[in-house]
Structures are given as C-alpha cells and as structure tokens.
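Take a look at the following structure, please.
Rule-based calculations on the coordinates, nothing more; no lab input. This one's a predicted model, so the numbers in the text were calculated from it and none came from an experiment. Quick reminder, even Gly has a Cβ in these numbers, built from the backbone with ideal geometry, and neighbours come from all protein chains shown.
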Amino acid sequence: MKLQVLFAVVRQRFDKELNRDVAIKVIDLEEAMSRPIQKEWMNELDRLGDVYKQGVADFIQFATVNNRGSTTCPCPCRECRNGKSFVFDTISRHLIRYGMDKNYRVWVLHGENPCTDRLVEPID
C-alpha cells in the first residue's frame with residue numbers, strides 16, 4: 001500500500017513537471033512565431049563574434065521549435081548544404097566552423113513558411 005502511495009506522489013510530481021515543460025514549450029513556440037525571422041547574421045564575416053553566434057543560436061532554436069520533436073535535421077552549413085542531417089549541437093558547430101550556406105535564404109527544411117512567416121530580409 002505504501003509503495004502505491006509513493007508511486008502516486010512521484011507520478012503526480014512528474015505530471016506537474018511535464019505539464020510545466022509543455023506549457024513553457026508552447027509559450028516559446030508562440031513567442032518564436034510572433035517575432036520576425038532575423039537573418040542578417042548570415043552575412044557576418046566574424047563567425048566567432050557575438051552577432052553571428054546569437055544568429056546561430058536563434059536559428060537552432062527556430063529549427064528545434066519547428067522540428068516536431070525530431071532530434072536531427074538537415075545541416076545548412078556551407079559544407080553540408082542541407083545534404084546531411086545531424087543533431088542540433090553538431091549543426092551549431094558546423095555553422096560556426098563553416099558558415100551558413102548563403103543560398104539558403106528561406107529555411108523551408110527547418111520549418112519556415114514563406115507564405116506566413118514574417119521575414120526581415122538580410123542586408124547584402
């Protein structure tokens with residue numbers, strides 16, 4: 001009997017944490033979808049600079065939110081050109097090391113919908 005009560009308490013706490021995490025993800029999704037997609041970082045020459053690194057982090061967050069639970073997605077770096085899929089950590093490292101493929105302007109493979117998403121065009 002005590003084991004069942006303990007299990008119920010643990011389950012209840014787990015369910016609360018799970019619901020909290022789901023609520024946070026929904027808020028993050030709503031926030032991410034309401035902001036325009038910033039892409040000017042793609043033109044930064046200094047890939048170790050703060051602007052470029054923040055752009056990579058924002059791209060990874062965008063791809064993660066729009067990836068529907070998958071742990072991998074195509075890598076848009078200059079070497080892979082969306083031809084290989086990796087986990088998000090590897091993609092982040094590739095983007096820092098090789099840079100973003102300059103021809104990949106509409107991130108359709110990462111969840112961007114050019115018909116509905118608000119864009120901020122990069123400055124060339």
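Place +1 on the Cβ of every Lys and Arg and -1 on the Cβ of every Asp and Glu in the stretch 35-118, take the dipole about the Cα centre, and give the residue among LEU45, GLY55, ASN113 whose Cα lies farthest towards its positive end.
Toward the positive end, the furthest listed residue is ASN113.
Could you give the size of the charge dipole of the stretch 35-118 about its Cα centre, using +1 on the Cβ of each K and R and -1 on the Cβ of each D and E, expressed in debye and rounded to the nearest 20?
180
Classify the stretch 46-99: rounded, prolate or oblate, from the alpha-carbon gyration tensor (a ≥ b ≥ c, eigenvalue square roots; a/c under 1.5 rounded; otherwise prolate if a/b is larger than b/c)?
oblate
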